[in-house]
Amino acid sequence: MPWLGQSGLKDWELAPLAISHDMVLVTNNSKDFRGGKGRPGHTTKEQIHPGLVCLNCDPRLRERRALTQLFEIALDEIGDAADLINTVIEITLDGDEAQVRRYAAPELNY
């Protein structure tokens with residue numbers, strides 16, 4: 001969040017900042033922000049959050065082109081939604097196919 005003078009924040013510092021500014025968080029670090037294996041993530045542990053978009057692909061493919069493709073799919077999925085409060089949208093690139101998963105969190109069963 002360099003435009004807020006907050007570049008270099010740790011994940012656990014970034015989520016509350018995004019939430020306090022009512023910003024949907026977009027990340028390619030899904031596990032830390034959405035949680036997993038019995039624990040909530042930095043974003044989904046909050047009772048109310050403005051939304052989370054996870055762009056998942058092989059770390060070797062985390063180049064601008066692949067992430068742009070995943071982000072465009074996420075924007076299509078969001079569409080005209082008025083808000084994404086307590087919603088997680090995960091776009092996972094599996095080979096040439098993108099899988100879209102949308103669910104409520106923190107109601108998610110970790």
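The values are calculated or read from the model by the stated rules, or taken from the named source; none is laboratory data. Just so it is clear, the structure is predicted and the values come from calculations on it, not from any experiment. With ideal geometry, Cβ positions are generated from the backbone for all residues, glycine too; neighbour counts draw on all protein chains shown.
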(request) Identify the single condition in (1) under 22 Å from G41 (Cα atoms); (2) surrounded by 11 or more Cβ atoms within 10 Å (Cβ to Cβ) that Q69 does not satisfy, given that it satisfies every other one. (result) (1)
(message) Being free of Cβ contacts under 8 Å to residues at least 12 places away in the same chain and within 15 Å of S30 (Cβ to Cβ) is the filter here; which residues of region 71-103 pass it?
(response) D94, Q99
(request) Would you be able to tell me the number of residues in region 17-58 that are among the small types (G, A, S) and touching a helix residue (DSSP H, G or I) at 6+ places or on another chain (Cβ under 9 Å)? (result) 3
(request) Return the total of residues in region 15-46 being aliphatic (A, V, I, L, M) and in contact with a strand residue (DSSP E or B) (Cβ under 7 Å, 6 or more places away or on another chain). (result) 5
(message) Which numbered condition in (1) out of contact with any His (no Cβ under 9 Å at 6 or more places or on another chain); (2) crowded, with 17+ Cβ neighbours inside 10 Å; (3) at pLDDT 85 or above is the only one that T44 fails?
(response) (3)
(request) Give the residue that is modelled with the lowest pLDDT, with candidates limited to residues of region 1-33 that are part of a loop (DSSP other than H, G, I, E, B) and hydrophobic (A, V, I, L, M, F, W, C). (result) M1
